[in-house]
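Engineer: Pasting a structure below so you can have a look.
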Amino acid sequence: MTRRVRSSFARQSLVARCNTPAILLAFIIGACANDDFGRVKPGLVWDSIHDWIGRDAVRSEGLPISVYPLTDDERRLRDLAYPLIEPPYDRNRWYSVINEYGILREFNSDWTYYNPTYYFTQLTWHWARSPTSRYARLNGDIRNDVERIPQFFDTARRVIDIDHKREQSLAYVRGLTPDERLNATARIAENTLVVAWVQRSLACRAESYRFALERLIISVPSKDAIEVERSLTLLNQHIAANQLVAVPRITGLNALIAPCSQAVAVATGRPVTK
């Protein structure tokens with residue numbers, strides 16, 4: 001009889017645990033899983049999936065948030081910015097799905113803390129039978145960034161050009177109200193900060209990749225380092241060719257960009273292999 005009571009209590013306890021937010025979270029993650037080949041499920045995509053990027057960019061600097069709707073290019077700018085802002089080592093974590101689909105619609109504050117050693121730590125955290133896999137992962141992450149850069153900055157150039165025209169037109173709009181001016185200038189600042197955020201992120205990533213490559217070379221030397229070096233050189237060339245906005249004179253953002261300024265200034269990385 002006692003065993004039956006205990007068994008009943010055990011079942012009730014299990015049911016109670018199944019009603020916790022953790023189970024609900026697991027359900028959401030399962031529902032949001034990507035389609036085959038990493039494609040996003042069409043039914044789970046909506047237009048405002050990454051709108052929070054611009055909002056958080058200005059909010060972190062204490063600037064006003066524009067209530068104007070986003071243009072197609074402005075929304076595309078935010079969509080393309082996301083994978084260049086999210087650290088590459090976060091891509092396969094349990095919460096990356098939630099962030100990718102914009103379910104939380106907020107910025108992961110951990111991404112503001114730049115540490116050039118962290119990528120290498122994540123790269124070598126798990127046991128690997130062969131160092132080849134680590135070189136391949138490093139090279140793959142670099143190449144993914146290289147492939148994403150042209151689309152983002154092509155869009156960024158169009159947005160910046162339109163914003164320049166928008167700013168000039170403010171002087172000619174009849175009956176312009178203070179609220180209209182505020183929302184227009186706030187959107188311009190928001191777009192600029194999104195571009196600056198990506199520029200800063202890419203510079204930090206390049207330094208992190210450099211740190212990881214150098215540590216792999218001295219710990220597990222391999223001819224694979226040559227190909228990684230070539231990819232990193234290409235990434236740095238893309239970064240140097242796409243400095244579209246100057247570093248805003250804002251204390252918070254300057255503090256974030258400063259540690260990565262060296263990567264921005266250098267068109268090609270210092271060679272470490274022959």
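The values are calculated or read from the model by the stated rules, or taken from the named source; none is laboratory data. All values reported here derive from a predicted model rather than from experimental measurement. Positions of Cβ are backbone-derived with ideal geometry, glycine not excepted, and every protein chain shown enters the neighbour counts.
Engineer: Can you tell me which residue among Asp79, Asp90, Asp72 is at pLDDT 80 or above, more than 16 Å from Trp197 (Cα to Cα) and not basic (Lys, Arg)? Walk me through it before giving the result.
Structural biologist: Values: Asp79 fails: more than 16 Å from Trp197 (Cα to Cα); Asp90 fails: at pLDDT 80 or above.
None of the others qualify; the one that does is Asp72.
Engineer: List every residue pair whose Cβ atoms sit under 8 Å apart, with the two residues 6 or more apart in sequence or on different chains, where the first one lies in the range 191-216 and is assigned by TED's automatic domain parsing to the domain that holds Ile53 and surrounded by fewer than 22 Cβ atoms within 10 Å (Cβ to Cβ) and the second, anywhere, is among the acidic types (Asp, Glu) and in a helix (DSSP H, G or I).
Structural biologist: Thr192/Asp163
Engineer: For the range 41-62, does any single residue satisfy the condition of being assigned to a loop (DSSP other than H, G, I, E, B), among the β-branched types (Val, Ile, Thr), modelled with pLDDT of 50 or more and crowded, with 18+ Cβ neighbours inside 10 Å? Before the answer, list the steps.
Structural biologist: Taking the range 41-62 and keeping what is assigned to a loop (DSSP other than H, G, I, E, B), we get 41, 45-51, 60-62.
Then keep just the ones that are among the β-branched types (Val, Ile, Thr); that gives 45, 49.
Those still in the list that are modelled with pLDDT of 50 or more too: 49.
Among the residues that remain, those that are also crowded, with 18+ Cβ neighbours inside 10 Å are: 49.
Yes, the range 41-62 has at least one match.
Engineer: Please find, within the range 126-140, the residue that is surrounded by the most Cβ atoms within 10 Å (Cβ to Cβ) out of those that are part of a loop (DSSP other than H, G, I, E, B) and in contact with a helix residue (DSSP H, G or I) (Cβ under 9 Å, 6 or more places away or on another chain).
Structural biologist: At the first step, the residues of the range 126-140 found to be part of a loop (DSSP other than H, G, I, E, B) are 126-131.
In the following step, the residues that additionally are in contact with a helix residue (DSSP H, G or I) (Cβ under 9 Å, 6 or more places away or on another chain) were identified as 128, 131.
Numbers: Ala128: 13, Pro131: 16.
Among those that are part of a loop (DSSP other than H, G, I, E, B) and in contact with a helix residue (DSSP H, G or I) (Cβ under 9 Å, 6 or more places away or on another chain), it is Pro131.
Engineer: Okay, next question. Residue check: is Leu176 assigned to a loop (DSSP other than H, G, I, E, B) and more than 25 Å from the chain's Cα centre (by Cα)? Can you show your working first?
Structural biologist: Numbers: assigned to a loop (DSSP other than H, G, I, E, B): yes; more than 25 Å from the chain's Cα centre (by Cα): yes.
Yes, satisfied.
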